């Protein structure tokens, strides 16, 4: 006689009352080993795989993907019947009872039949090598997904062993034609009086090795330096991982690499997740970065809105005179690459010492040769 | 441009600084008349004379006590501790005195001294003469710690160490003494705290130090043949540590591997793994993996020493396995 095992929604934490089936890893008719992952579920607390409680064939799937059901709900049945599947109610009758002695032999024969029946479909259903679906994603890919709104499970990896790389995810982010931004156009933004603007001219000659060092690149570095403001209570929340660049919120942008953030900035409106994020505003005191493409020699000085403690404006990269150290003859003047960055802040809201920390962090990062290396191929 | 061995480069670096600054002196066991047991100080006695190149009795404490006093009173001494394992008898003066003098005198007394030492394995010297002990040193605040991996870097980092206003422990990879490399003519001065990208790559970052650098490069060649483009970074200086270069590389590749000669527990790679987890967690595309000597005293037998030290094959296999996972 064959035994049917029921799979139910488990209790994953004391306060969890329900769970969502995110994906079935086995379909009706497929064989499953005891402990093998059967489905993926998602709860308020945790996303996890549910193992099969016993070996057998998936007889029935009772909850569809994306459906949310209470803890304890019946999700599936697993049994030992060879054929035909999906008739669990008739199971006891379909398997003839046998005396004790031959039972083992009969069970072995039934198991062999199951193997024979299921082997072919399973083999056919298995994805080709290198295209296996990934069940977990690295921190890097998760942040990139949050920032771009890309569903990682739909992206094919091009890295070693079929791994996802940044370019796969950034390439999958579908640019949406941005709606005209009306919020800023409706009324002139009130401007903080007494705001201070500091202009920084930074030698970025070493970035000439980077293809097309543009405002998006400088804006990415400027945005990633914002956590340098963390020590000020005024901007504690603004120093979180969400960034506001060119009027758009980039979720978790602070955790992206400079390269990925640059690409994200250059490709303004992302997919649906990105757009909905843009509708939110950064909580707490705002720090914004403006780095829209500009003529090379220009400087962008951002106006400081009242709810902003600091606004950073990034200009283009231009040729200009730079001083290079020379051990033999002393300092020498040469033609290098320069960029001007404007940092506007409200001294009443942001201590000047904190602003200075940000400014020096930003200049250091832009001047550091490690930046060019990070961006090199 | 001249081709020098690593061991000759040590003498070249010291000579460069002794010729430049008469306050630089050299002191140690068998470093003068014998030219060093590893022949790293050949010719210095002849060139600079017995007042500046001084042999001592077999007493590491006396050597370091002397250089501490010399540094306090205006010289810029270089001391040799023949085998870095012998720091075991030196820690009171190194850890409690030399490392803390600037701090405890509120900056009134600094100690511009260098302690150079043959370090690590590869020569079948057994458990007491083969240890890689950089991580002992980097655990003590107040010391700088460097390990060159090429003849050129031996000269440049020695110069930087001698010119440092504070004590530097200079670990020479014994296994690299016969290594030859091009060394430019003229003065070479590096900056402490700068790592060197020895091989650029995009798929994985491999950090290595000293004897492990050539092995990491050989591993990268093997990996390239299998379609994996690894970046190899020579850490060069553990204190100060060039986190900017390391973090930039991790941001690029998303994967970090450390290749450490030291036994596993509390090796320098553990500290870097901690820094990367703290500052670049969201740039990581997989776990940081450390490739180290197991936590055992080093065996003397050739076959066993080869077995426990990280090899190019082991590095390549570990990286490939991790990237294909």
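Which residues, counting only those in region A:261-281, are crowded, with 19+ Cβ neighbours inside 10 Å and either under 13 Å from residue A:340 (Cα atoms) or at pLDDT below 70 (or both)?
Scanning region A:261-281 gives A:268, A:270, A:274, A:277, A:278.
Considering every residue within region A:125-133, establish whether at least one is modelled with pLDDT of 85 or more and under 23 Å from residue B:202 (Cβ atoms).
Restricting attention to region A:125-133, the residues satisfying the condition of being modelled with pLDDT of 85 or more are none.
Among the residues of region A:125-133, not one is modelled with pLDDT of 85 or more and under 23 Å from residue B:202 (Cβ atoms), which makes the answer no.
Could you give every pair whose Cβ atoms fall below 7 Å, whose first residue belongs to region B:297-311 and is within 10 Å of residue B:125 (Cα to Cα), and whose second residue is outside any loop (DSSP other than H, G, I, E, B), counting only separations of at least 6 or pairs across chains?
Partner pairs satisfying both residue conditions: B:298/B:305; B:298/B:308; B:299/B:305; B:299/B:308.
Out of the residues in region A:57-82 that are surrounded by 14 or more Cβ atoms within 10 Å (Cβ to Cβ), touching a residue at least 40 places away in the same chain (Cβ under 8 Å) and out of contact with any helix residue (DSSP H, G or I) (no Cβ under 8 Å at 6 or more places or on another chain), state the one that is nearest to residue A:5 (Cα to Cα).
Only one residue tops the list, namely A:78.
Give A:357, A:361 a once-over and let me know the one that is touching a helix residue (DSSP H, G or I) at 6+ places or on another chain (Cβ under 6 Å), in a helix (DSSP H, G or I), away from chain B (no Cβ under 14 Å) and surrounded by 13 or more Cβ atoms within 10 Å (Cβ to Cβ).
It is A:357.
Mind telling me which of the residues A:257, A:288 ends up being at pLDDT 75 or above, more than 21 Å from residue B:254 (Cβ to Cβ), surrounded by 23 or more Cβ atoms within 10 Å (Cβ to Cβ) and assigned by TED's automatic domain parsing to the domain that holds residue A:364?
Matching residue, one of A:257, A:288: A:288.
Can you list the helices (runs of 4 or more DSSP H) found entirely within region B:210-325 that contain at least 2 residues being in contact with a strand residue (DSSP E or B) (Cβ under 6 Å, 6 or more places away or on another chain) and crowded, with 19+ Cβ neighbours inside 10 Å?
Counting at least 2 such residues, we get B:212-225, B:243-253, B:268-280, B:312-324.
So residue A:374 clears everything in (1) closer than 30 Å to residue B:189 by Cβ; (2) buried (at least 21 other Cβ atoms within 10 Å of the Cβ); (3) away from every other protein chain (no Cβ under 14 Å) except one condition, right? Which one?
(3)
Which number in (1) out of contact with any helix residue (DSSP H, G or I) (no Cβ under 7 Å at 6 or more places or on another chain); (2) at pLDDT below 60; (3) buried (at least 21 other Cβ atoms within 10 Å of the Cβ) marks the one condition that residue A:235 misses?
Only one criterion is unmet by residue A:235, namely (1).
Within region B:243-254, can one find any residue that is touching a residue at least 12 places away in the same chain (Cβ under 8 Å) and more than 10 Å from chain A (Cβ to nearest Cβ)?
No, region B:243-254 contains no residue that is touching a residue at least 12 places away in the same chain (Cβ under 8 Å) and more than 10 Å from chain A (Cβ to nearest Cβ).
Among strands (runs of 3 or more DSSP E) lying entirely in region B:92-185, which contain 3 or more residues that are in contact with a strand residue (DSSP E or B) (Cβ under 9 Å, 6 or more places away or on another chain), surrounded by 24 or more Cβ atoms within 10 Å (Cβ to Cβ) and at pLDDT 95 or above?
Here the list reads B:114-119, B:168-173.
Pick from region A:152-194 the residues that are away from chain B (no Cβ under 14 Å) and modelled with pLDDT of 85 or more: which of them is nearest to residue B:324 (Cα to Cα)?
A:156
Looking only at region A:238-246, decide whether some residue is over 24 Å from residue A:165 (Cα atoms), at pLDDT 80 or above and assigned to a loop (DSSP other than H, G, I, E, B).
yes
Considering only residues of region A:310-319 that are in contact (Cβ under 8 Å) with a residue 60 or more places away in the chain and in contact with a strand residue (DSSP E or B) (Cβ under 6 Å, 6 or more places away or on another chain), which is farthest from residue A:227 (Cα to Cα)?
Per the stated criteria, the residue is A:317.
The values are calculated or read from the model by the stated rules, or taken from the named source; none is laboratory data. Every value quoted in this text rests on a predicted model; they were computed, and no experiment measured them. In this analysis, Cβ positions are derived from the backbone assuming ideal geometry, glycine residues included, and neighbour counts consider all displayed protein chains.
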